[in-house]
Amino acid sequence: MEEEGSSSMHARETSRLWRAWRTVHEMVQDRGYELSDEEVRVPLEQFKREFADADGSIMRGKMQFSARPSEAMIKKFTPPPTPGNPNPQSEAGTIWVEFCPEKSSIGIGVMKKFVQHCSANNFKAGILITAAPLSPQARKVMTVTQHYTQIECFMEEDLLVNITHHELVPKHIVLSREEKMALLKRYRLKETQLPRILSKDPIARYLGLKRGQVVKIVRTSETAGRYASYRLCV
Amino acid sequence: MSTAPAPAPRGILKKAAVAAPPPAEPTPLPREQQITLHQAQQLQRRLEEEIKPPVPIETFERLTQLPRVRRPSLSAARPPPDDVREFLNAVQDFLPREYSDLIEERNCMGSCGYALCPRPRRSYEGEYKILKTGIAKTADLNMWCSDECARRALYIKVQLDNPSYIRKDGQMVVKLELREEEPKSSPQKPKDKVDELAKTLEQLEVDKKTQTTKDAASLAAERGDVGGLARQVEVTIHEKSDVAPAKAPEPEQEADMHLFIEGHKMTFGIDKDSDEESDDDYLPSTIRL
Ligand SMILES: [Zn+2]
């Protein structure tokens, strides 16, 4: 009886973690990092083989990966050259993704360790996926270090479903800086005149939108066909 | 409209006969008043400083590691003085929210939320826990190692929530003190456990009493009783002499019995006349305004 209970619990947790693992891969791929479809669409059996230990529980500590930005992404996030800076560096760099084995809430210590790991290995961005919420001070560590490494945190339960796959969620495309300038010029707008999207909006979090970036939203409508709208991330 | 023309329009302004005296030179306040004013201004400034610089993360890290000295003779009730000083000095600058953050941060490490306690926090499972005193959320219980520590920690929190300021090195700081424990004997001598327990229980009892008096006082203040507790009324409860066994309530009309649901009679679906009759019973025949 007991064993049965624990094994079904393992199975449920395995399935949860597998789904989160797939979603985070899809997310990283959608952001423009280089991941092959085999890496993204891992079947459950393969996932178990890789991360389950002898008694069937998943070792979160092993669930980690890094990904390099694609050429297109590097180009998209390279600011336009200026006389002062003729060869600007791309803002896109390697991303590090890690599942946190900590089960109780995440404190300063865990967060600092993650940030240090990212900066020591020259990762430009890091995503920490946790089973429990962050403490307020751990959240602060995350924002304080934002200038050096772009740190994001997701909870496992946020990633059980890929929200962008929902049919009612329209396609969101992040604009590069040049595309944004062109848009504002074409419509003679100030950026504050654009409609907004909150940076904590689930879609904004999925895409890793930063403040000031503009996202293009393509909707299809039976009456109007395809039409685009734009939102400024605030 | 047609009135006799007035000799001259009279100004509604007061006559400027009494010219305002030239602004007097501000007379220098006496020294004591100057000091008081200065202090008041400083206090005012402090209160206005709502955007206080946040407590650095390092401070939180430091305080999550307390107590530094861990010996069997030391406990949350008898914390090492150095730790006490460090704790109070740091927490003086805390906002209540930051103090809550500290508790949470310690909980993340598995420690008791009270910063001077060396013990791990409780780890009850489930959402609620049944206690002798009632039902409590396990999340609230799991913040501490014991109820005593919860009291100690909350004692600090209350002082941060309703701060009183004292002067220290020319600055106004929040007055903070630890909750009083049983009188300290020499820390080297290990105490008799039973004795200690008895004292703790005694302490608890005292707390309960002071709490009830406090509650009563605040209730009285809320009601506007000026006399407070002084005006307490002696209440004596007398037992009734003839006590018959209690009877269940019964509907009066036997005929209607089947129409009653939990003592209430349904009125719809019954013929009009009886309906109106019953209405008449409840409504006054005329309404006068
Ligand atoms: Zn404790």
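Got at least one residue in the range B:101-124 being more than 10 Å from chain A (Cβ to nearest Cβ), more than 16 Å from the ligand (Cβ to nearest atom) and either out of contact with any strand residue (DSSP E or B) (no Cβ under 6 Å at 6 or more places or on another chain) or within 22 Å of B:Arg179 (Cβ to Cβ) (or both)?
no
From the residues in the range B:125-146 that are away from the ligand (no atom under 13 Å from the Cβ) and closer than 18 Å to A:Pro136 by Cβ, which one is farthest from the other protein chains (Cβ to nearest Cβ)? Step through it out loud before you land on a result.
We begin by selecting, within the range B:125-146, every residue away from the ligand (no atom under 13 Å from the Cβ); these are B:125-140.
Checking which are closer than 18 Å to A:Pro136 by Cβ leaves us with B:139-140.
Details: B:Ala139: 10, B:Asp140: 14 Å.
Top of the filtered list is B:Asp140.
Check A:Lys103, A:Lys190 and return the single one that is among the basic types (Lys, Arg), loosely packed, with under 15 Cβ neighbours inside 10 Å, more than 20 Å from the chain's Cα centre (by Cα) and within 14 Å of chain B (Cβ to nearest Cβ). Write out each step before concluding.
Numbers: A:Lys190 fails: within 14 Å of chain B (Cβ to nearest Cβ).
One residue alone meets the criteria, A:Lys103.
If B:Leu88 passes every condition in (1) within 14 Å of chain A (Cβ to nearest Cβ); (2) more than 16 Å from the ligand (Cβ to nearest atom) but one, which one does it miss?
Unmet for B:Leu88, out of (1) within 14 Å of chain A (Cβ to nearest Cβ); (2) more than 16 Å from the ligand (Cβ to nearest atom): (1).
May I ask you to verify whether A:Ile173 is outside the structural domain of A:Thr23 (by TED's automatic domain parsing) and either surrounded by fewer than 20 Cβ atoms within 10 Å (Cβ to Cβ) or part of a strand (DSSP E or B) (or both)?
Values: outside the structural domain of A:Thr23 (by TED's automatic domain parsing): yes; either surrounded by fewer than 20 Cβ atoms within 10 Å (Cβ to Cβ) or part of a strand (DSSP E or B) (or both): yes.
Yes.
Just give me the residues in the range A:114-159 being more than 14 Å from chain B (Cβ to nearest Cβ), part of a strand (DSSP E or B) and not hydrophobic (A, V, I, L, M, F, W, C), in sequence order.
Of everything in the range A:114-159, those that are more than 14 Å from chain B (Cβ to nearest Cβ), part of a strand (DSSP E or B) and not hydrophobic (A, V, I, L, M, F, W, C) turn out to be A:Gly126, A:Gln150, A:Glu152.
Which ones in the range B:139-158 are part of a helix (DSSP H, G or I) and either more than 21 Å from the chain's Cα centre (by Cα) or of a type in the set (A, V, I, L, M) (or both)? Quick ask: steps written out before the conclusion?
First, pick out the residues of the range B:139-158 that are part of a helix (DSSP H, G or I): B:139-141, B:147-158.
Scanning the range B:139-158 gives B:Ala139, B:Leu141, B:Ala150, B:Ala153, B:Leu154, B:Ile156, B:Val158.
So B:Arg151 passes all but one of these: (1) surrounded by fewer than 16 Cβ atoms within 10 Å (Cβ to Cβ); (2) more than 12 Å from the ligand (Cβ to nearest atom). Which condition number does it fail?
Unmet condition: (2).
Restricting attention to the range B:37-63, and to residues there that are more than 14 Å from chain A (Cβ to nearest Cβ) and touching a Leu at 6+ places or on another chain (Cβ under 9 Å), which single residue is modelled with the lowest pLDDT?
Once the filter is applied, the top-ranked residue is B:Lys52.
The values are calculated or read from the model by the stated rules, or taken from the named source; none is laboratory data. Quick caveat: nothing in here was measured; it's all calculated off a predicted structure. Note: ideal-geometry Cβ built from the backbone for every residue, glycine included; neighbour counts use all protein chains shown.
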